[in-house]
Every structure is written in C-alpha cells, then in structure tokens.
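Taking it in order: structure first as structure tokens, then the write-up.
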Amino acid sequence: MVSAPDTIDAAAAARAVGVTEPMTATPLVERRGKGVWRIDTNEARFALRILRPDEHATAEHEQQMMRTTAAAGLPVPEVLASSTWDRRPVLLLTWCEGRTLQDELRRRPWAARALGRACGRMQAALHRVSLDDGAAPGWLTRFGPVDEALAARLAAVESGERRLLHLDLHPTNVLVAAGSVTALLDWTNAAAGDPRADLARSLSMLTSPPPGVRRVRALVNRAVAVGWREGYEQVAGGQADMALFELWALSALSQIRGTDVELLERDIAARRARLGLPS
C-alpha cells in the first residue's frame, strides 16, 4: 500500500537511506504528496527529500542537475544517499545553513532589494553553466503548450544557448545568510535553454503572487524583484526582448494556478496587445 501524502513516515524513509541512529524528523515543506524533512541525529543534521510514488526519473534528474551545479562551484545540497521507500524516491542531502529567502524577508523586509540583488547575481552565475544535448529538457513547453504566435516570436529572438535553467527560483527555494545566497533548492523543473526564460520565470513569481497573498508581502516581493533584476544585470548585463520571455512566464503561471487568475489573465492580454500578438 502506498502512503497517503499526510502519512509519510519520514523516519522510515530516512532508515531506507541508511540513517540508523536515533533521530528526530521535522517537516519543513510538505505539499502535493512530497516534501522535505530535517533529520537530526546525535552526530549530524541532514535534509531528507521524499518524492511522490514512482517519481524515480524526477529524482535522477534532480540529482544530475545538483551534481552539475556543484561542479560549477555553486551552492547546492550534496546527495549523500538515495533509495526507495514505499515506492517513493528518497534523497538524503547535506544540511545547508541559512533561512529561506521567504523567512528572511519576514524578519528583515527592509532588506528586500539587497537580498534580491544577491539572488539575481547568483542566478546570473548559474546561467554561465552550459549543458550538453540531452542533459536536460528544453524550457519552452516545460509548463505546458505555448501558442504558435508567441512560440514563433520567441524562436526569432532565442539565443540558441543550452544554459542551465532552474525554472523554480523563488523565495522558498533559495537559502540566504548574512545577505548572501547559501543554497539553491528543488531542481525538479530544471531545464536547458535561454537564460532569459529563467530570469523571467523568477520575476513573474515575485510580481504575480497567487490569490490570498497579503498586500505587504506582495510589496516586499516586488522590491525583491527590482533588486533581483539589478543584481542579474550587474553580472550579465542588460537583457533584450525580456517582454516576450515575461509573457511566456506569466502564461506558464496561468496554466498551473487553477481558475482564479482573472488579474493575471488581464495582465497577459494587455502584454499580448502591446507586443502585437493575437489575444
């Protein structure tokens, strides 16, 4: 029998990857049937990532992307062991110090723009990493189909590069400490392609929050986005044709956030009109 999402036995999963000492398992993130737990033993602390049943291809993809990123000298968890528990892939990871950017913003909202700059600089450094053909999927349809008109415009300006794209860098997937980025987490969506797609994706998630986000948090996230773009351009320079990539990113959000997307859809329609694309 496969465990329900709310009955994942993290201690049993930890034993499956070789943790044998007395331990405590503290949930950090648990949603949509998968999550991350902090595992504390008498000797050490680890992070335990548990995926959904039969997501072994996803687990292997995450491991490969983290190995590639680590080889470039960028901060990611190290995979210490992997196994399967209850048909679920389980990864035992090194513990990375720092708070999530989201938690740090709650404590120091006045530092939003500076923290955004640090994240932007780190993302630009990530985009220096090139990927071989077949090492990761392409970015264009990573979140669903793209209409022909937008796809054609993007193809006309795409760089043709196969750079490493995270495609999920947002405030809960970045750890920070002392104003610097200490880890990039959750590599499920990683892809290869034009770096502007990854930058646009991060900016869209900051400036178009899902329904229910409080106004103060939305304003803080917008300040992060301003700093994020500044930091990115400090390293990579100004980015042309971002309006097309930002439209792609917003369209991707509209496909994965359910039906309560009226404001987002109005924004998309206005952007399409400015770009001369059919609605």
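The values are calculated or read from the model by the stated rules, or taken from the named source; none is laboratory data. Since the structure is predicted, the reported quantities are computational estimates derived from the model, not experimental observations. Every residue, glycine as well, gets a Cβ built from its backbone with ideal geometry; the counts of neighbours run over all protein chains shown.
Of everything in the range 70-87, what is of a type outside the set (Gly, Ala, Ser) and under 17 Å from Trp187 (Cβ atoms)? Give them in sequence order. Can you show your working first?
Keep residues of the range 70-87 that are of a type outside the set (Gly, Ala, Ser), which gives 74-80, 84-87.
Within the range 70-87, Leu74, Pro75, Val76, Pro77, Glu78, Val79, Leu80 qualify.
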Could you check Arg162 against (1) in contact with a helix residue (DSSP H, G or I) (Cβ under 9 Å, 6 or more places away or on another chain); (2) surrounded by 15 or more Cβ atoms within 10 Å (Cβ to Cβ) and say which number it fails?
(1)
If you check every pair at least six apart or on different chains, which have Cβ atoms under 6 Å apart with a residue in the range 38-57 that is assigned by TED's automatic domain parsing to the domain that holds Ala12 and surrounded by fewer than 18 Cβ atoms within 10 Å (Cβ to Cβ) first and a residue that is in a loop (DSSP other than H, G, I, E, B) and among the β-branched types (Val, Ile, Thr) second?
Pro53/Val2
Do we find that Ala81 is among the small types (Gly, Ala, Ser), surrounded by fewer than 20 Cβ atoms within 10 Å (Cβ to Cβ), over 21 Å from Glu30 (Cα atoms) and modelled with pLDDT of 95 or more in this structure?
no
Restricting the range 1-46 to residues that are polar (S, T, N, Q) and not in a strand (DSSP E or B), the residue that is modelled with the highest pLDDT
Asn42
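Name the residue, out of Leu150, Leu92, Leu169, Leu164, that is in a strand (DSSP E or B) and either under 30 Å from Ala12 (Cβ atoms) or out of contact with any His (no Cβ under 9 Å at 6 or more places or on another chain) (or both). Working first, answer last.
Numbers: Leu150 fails: in a strand (DSSP E or B); Leu169 fails: in a strand (DSSP E or B); Leu164 fails: either under 30 Å from Ala12 (Cβ atoms) or out of contact with any His (no Cβ under 9 Å at 6 or more places or on another chain) (or both).
Checking each option against the conditions leaves just Leu92.
Would you call Gln234 more than 21 Å from Glu104 (Cβ to Cβ), at pLDDT 95 or above and in the same structural domain as Leu105 (by TED's automatic domain parsing)? Before the answer, list the steps.
Details: more than 21 Å from Glu104 (Cβ to Cβ): no; at pLDDT 95 or above: yes; in the same structural domain as Leu105 (by TED's automatic domain parsing): yes.
So Gln234 does not fit the description; no.
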Against the definition (touching a His at 6+ places or on another chain (Cβ under 8 Å) and on the phi < 0 side of the Ramachandran plot), how does Ala249 come out, yes or no?
no
Of the conditions (1) exposed (fewer than 14 other Cβ atoms within 10 Å of the Cβ); (2) touching a Lys or Arg at 6+ places or on another chain (Cβ under 9 Å); (3) touching a residue at least 24 places away in the same chain (Cβ under 8 Å), Thr26 clears all except one; give me its number.
(3)
Among the listed residues Ser180, Ser208, which satisfies the condition of being closer than 21 Å to Trp110 by Cβ and either of a type in the set (Gly, Ala, Ser) or at pLDDT 95 or above (or both)?
Ser180
Consider the range 47-87. How many of its residues are under 29 Å from Ala124 (Cα atoms) and in a helix (DSSP H, G or I)?
15
Leading residue by the ranking (farthest from the chain's Cα centre (by Cα)) among those in the range 172-187 that are of a type in the set (A, V, I, L, M, F, W, C) and assigned to a strand (DSSP E or B):
Ala177
